[in-house]
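What follows is a short report on a single structure.
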Amino acid sequence: MKRIVLLVLACIFSFTMVAQEKKSKNKKVEFKVAGNCEMCEKRIEKAAYSVKGVKSAEWHADHGDIHLIIDETKCSKEDVAKAIAAVGHDTQFTKAKDEDYDKLHGCCNYERIEK
């Protein structure tokens, strides 16, 4: 009888663990992205959409953050941050390379913070 009770408890515990690991197909994510203007907005959003699994991307210049809806089974917020950094914009997770930043238009040169 003890073995049956232990087996049932083990099954319940394992189902609980599997449920917690499930990735969302419509995960809302937001993080900081440096930029200045509408040209930055278009570039940042285009870079975000280039990542497979991004369903929605809106960058807000007034707050300096991007709001995403992503499919976690296909990408992560770090994947999106790397794509945005590759076009010259520093993010909360990844800093753009100097050569990518230097390619930005003059009005898009935001104030960089050294990390």
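The values are calculated or read from the model by the stated rules, or taken from the named source; none is laboratory data. Computed from a predicted model, the values in this text were never measured in an experiment. Cβ: placed from backbone, ideal geometry, glycine included. Neighbour counts: every protein chain shown. When the accessible area is computed, the model is the full protein with side chains, heavy atoms only, and any ligands, DNA or RNA have been set aside. Shrake-Rupley method; radii C 1.70, N 1.55, O 1.52, S 1.80 Å.
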Item to complete: Would you check if E78 is closer than 24 Å to K22 by Cβ and not in a loop (DSSP other than H, G, I, E, B)?
Response: yes
Flagged in the range 96-109 as assigned to a loop (DSSP other than H, G, I, E, B) and surrounded by fewer than 17 Cβ atoms within 10 Å (Cβ to Cβ), in numbering order, are K97, K103, H105, N109
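So that you can scan it fast, the table gives a plain yes or no per residue for (1) among the hydrophobic types (A, V, I, L, M, F, W, C); (2) surrounded by 12 or more Cβ atoms within 10 Å (Cβ to Cβ); (3) part of a loop (DSSP other than H, G, I, E, B); (4) modelled with pLDDT under 95:
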site: F31; (1), (2), (3), (4): yes, yes, no, no
site: R43; (1), (2), (3), (4): no, yes, no, no
site: A47; (1), (2), (3), (4): yes, yes, no, no
site: K55; (1), (2), (3), (4): no, yes, no, no
site: W59; (1), (2), (3), (4): yes, yes, no, no
site: E111; (1), (2), (3), (4): no, no, yes, yes
Subset of the range 77-88, residues out of contact with any Lys or Arg (no Cβ under 9 Å at 6 or more places or on another chain) and open to solvent by less than 60 Å² (accessible area, probe 1.4 Å), comes to V80, A81, A83
Residue hits (the range 62-76; surrounded by fewer than 21 Cβ atoms within 10 Å (Cβ to Cβ) and within 12 Å of K32 (Cβ to Cβ)) are H63, G64, D65, H67
Going through the range 90-115 in order, the residues found to be over 14 Å from G35 (Cβ atoms) and in contact (Cβ under 8 Å) with a residue 40 or more places away in the chain are F93
